[in-house]
């Protein structure tokens, strides 16, 4: 998938949020990093993949996809903050369990925070995309859900979310 348009849209959203909340002079990397970890936890919660003690079923695919795309927003934004772009057009098909892949994403995020390099950023992005594959999302699913959630994010900003 070509991520250029999503990076552009994310840049516009970030600028809109920062200007309307008087944040243009503030480094938001730490906040965005924590937000990504929180979104990753929320995503895991919706899948319930790690809840071996519970028989309650996972949430619907639409709900899980919306949570997944929240993570995409923050991954794009973190890349923008560091001047990085993800350019691969190949979606990796994952073979790990959902739980194992969530752990890999968390580990990649921690490594990126420790050393914010392009290589580590690519690792976060690739592991997250692999998680999406394991969750059953196509590139088209991700793109369409991102576009929809981007509109929601603007609406929320205009309503003082």
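The values are calculated or read from the model by the stated rules, or taken from the named source; none is laboratory data. Every value quoted in this text rests on a predicted model; they were computed, and no experiment measured them. Note: ideal-geometry Cβ built from the backbone for every residue, glycine included; neighbour counts use all protein chains shown.
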Residue, nearest to residue 93 (Cα to Cα), within segment 1-47, restricted to residues that are under 18 Å from the mean Cα position of the chain (by Cα) and assigned to a loop (DSSP other than H, G, I, E, B): 1
Just a yes or no: is a residue in segment 103-115 modelled with pLDDT under 95, touching a helix residue (DSSP H, G or I) at 6+ places or on another chain (Cβ under 7 Å) and under 27 Å from residue 2 (Cα atoms)? no
Just one of (1) modelled with pLDDT of 95 or more; (2) touching a helix residue (DSSP H, G or I) at 6+ places or on another chain (Cβ under 9 Å) trips up residue 31, so point out which. (2)
Of the conditions (1) under 21 Å from residue 44 (Cα atoms); (2) free of Cβ contacts under 8 Å to residues at least 24 places away in the same chain; (3) not in a helix (DSSP H, G or I), residue 137 satisfies every one except a single condition; which number is it? (2)
Quick check on segment 120-128. Is at least one of its residues without any contact (Cβ under 8 Å) to a residue 24 or more places away in the chain and touching a helix residue (DSSP H, G or I) at 6+ places or on another chain (Cβ under 8 Å)? yes
Is it the case, given these coordinates, that residue 5 is modelled with pLDDT under 95, exposed (fewer than 14 other Cβ atoms within 10 Å of the Cβ) and out of contact with any strand residue (DSSP E or B) (no Cβ under 7 Å at 6 or more places or on another chain)? yes
